[in-house]
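See below for the structure under consideration.
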Amino acid sequence: MRALTNVLPCLLLLLCGPTQSIAANLPDRQVAITIDDLPAGSNLLPAAAVTKMTAKLLDTLRDQKIPVVGFVNERKLYHFGEVDERIKALQMWLEHGFELGNHTYSHSSLNQVGLKAWEDDAVQGESVTRLLLSQHNMKLRYFRHPFLDTGRDLQTRRDAEAFLVARGYRIAPVTLDAWDWIYATVYEDAKRRNDNCSTAAAPPRLSFLQ
Ligand SMILES: [Zn+2]
């Protein structure tokens with residue numbers, strides 16, 4: 001499971017979603033699991049490694065019958081010589097029976113870049129994902145705010161929501177953030193230094209699911 005450590009920076013839980021019971025003693029509470037920053041949180045990861053880890057992650061989720069929505073930053077597809085393989089990693093999500101949503105093209109913060117630039121980033125983030133979904137007779141319907149930033153003031157927030165609704169989106173809020181992404185940087189740094197001890201010590205991402 002440790003091999004998943006470097007894959008996806010944000011494992012987010014959405015309470016009251018349409019999925020599974022957390023535990024037997026909480027029978028009426030449910031979570032929807034979402035994973036952000038696809039195809040991979042790390043820009044340093046070669047496409048082959050992205051493919052390998054995506055397969056491992058998705059096989060596990062499918063075997064465990066865990067429904068998941070993955071949120072895409074399409075800018076992460078555009079690595080020289082790797083575009084096709086990175087798009088294929090997204091396709092794997094759909095082939096495994098999961099769904100993809102929009103997380104903007106470049107992961108821009110609505111709180112930082114302003115409404116117009118953020119809207120442009122959201123639109124730019126649709127093209128490949130929408131095409132892939134259409135091949136599975138699915139529509140692009142979920143949006144996740146990068147950094148969970150929903151606007152610095154109420155008016156911006158309302159304008160952004162109206163924009164998303166007009167484009168057919170349902171906003172995917174977060175009620176539990178595993179903060180698992182924080183280990184990716186530590187893991188990468190240790191790996192770069194060939195520090196096998198530290199990379200081995202990095203906890204499995206899914207250990208936060210409790
Ligand atoms: Zn993100």
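What follows is calculated from the coordinates using simple rules that are stated; it is not laboratory data. For clarity, every value in this text was computed on a predicted model and none was experimentally measured. Don't worry about glycine lacking a Cβ; one is built from the backbone with ideal geometry, like all the others, and counts go over all protein chains shown.
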_Extension gain (nm, one decimal) between ILE171 and GLN112, 0.36 nm per residue minus Cα-Cα_ = 19.3 nm
*Computed FRET value (nearest 0.05) for GLN124 with ASP28, which takes r as the C-beta separation and R₀ as 25 Å*: 0.05
_Can you list residues from other chains, or at least 5 along the same chain, whose modelled amide H is less than 5 Å from the amide H of PHE71?_
ILE35, ASP36, ASP37, LEU38, GLY101
*Please give the FRET efficiency for GLN64 paired with ARG192, using the beta carbon to beta carbon distance and R0 = 45 Å, rounded to the nearest 0.05.*
0.90
*Quick one: which of 118-125, 174-181, 78-85 comes out on top by average Cβ neighbours within 10 Å, and what's the full order, highest first?*
118-125, 174-181, 78-85
*Step through the table entries LYS116/LYS139; LYS56/LYS116; LYS52/LYS116; LYS88/LYS139, compare each Cα-Cα distance with 28 Å, and write down the pairs that go over it.*
LYS56/LYS116; LYS52/LYS116
*Under unit Cβ charges (Lys, Arg +1; Asp, Glu -1), what dipole magnitude, rounded to 20 debye, does the stretch 62-104 have relative to its Cα centre?*
120 debye
